[in-house]
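Worksheet: one structure, shown below.
The values are calculated or read from the model by the stated rules, or taken from the named source; none is laboratory data. Predicted model, so just to flag it, every value in this text is computed and none were measured. For neighbour counting, all protein chains shown are included, and Cβ atoms are generated from backbone atoms with ideal geometry for every residue, glycine included.
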Amino acid sequence: MPNRLYSIIRISVKTTVTEKIQEKVKKLPSAFVFINTEPASMPEVLKKVKAVEGVEEAEMLCGVYDIVAKVKTETMDQLKHIITYNIRKLGNVRETQTLLVIPQVYS
């Protein structure tokens, strides 16, 4: 009987911890950064953007913007720092437009 109780408690704690981690991951600050580059420098800028810590993915676009990058960090301050100092200051970046992601409230 004690072993069964221990198993139930262990499963309950593990489930609670997993749920709290998943909840935190959902709420991490993230943004989509739309980037315009100097003409003919999209591949070079894309490579640099993908190397920036916090950039989860980045792709070239056809349209108003040249590149879009998804950035996710632990804090809003880190997010601001990455966009302001690590992406906007890359060579051949002409301008950026940042859209913050609103955390999902309802599932």
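Observations on the structure shown:
- Annotation: Ile102 fulfils all but one of (1) assigned to a loop (DSSP other than H, G, I, E, B); (2) modelled with pLDDT of 95 or more; the unmet one is (2).
- Enumeration of residues in region 47-63 that are part of a helix (DSSP H, G or I) and loosely packed, with under 14 Cβ neighbours inside 10 Å: Lys47
- Residue satisfying all of: in region 78-107; free of Cβ contacts under 8 Å to residues at least 24 places away in the same chain and basic (Lys, Arg); farthest from Met42 (Cα to Cα) among these: Lys80
- Any chance Thr84 is modelled with pLDDT of 95 or more, surrounded by 10 or more Cβ atoms within 10 Å (Cβ to Cβ), polar (S, T, N, Q) and touching a strand residue (DSSP E or B) at 6+ places or on another chain (Cβ under 6 Å): no
- Qualifying residue in region 21-37 (condition: modelled with pLDDT under 85, in a helix (DSSP H, G or I) and aliphatic (A, V, I, L, M)): yes
- Output for region 64-77, where each listed residue is in a strand (DSSP E or B) and closer than 13 Å to Val45 by Cα: Ile67, Val68, Ala69
- Of Glu53, Glu57, Glu44, all but one fail to be without any contact (Cβ under 8 Å) to a residue 40 or more places away in the chain, on the phi < 0 side of the Ramachandran plot and out of contact with any strand residue (DSSP E or B) (no Cβ under 6 Å at 6 or more places or on another chain); the exception is Glu53.
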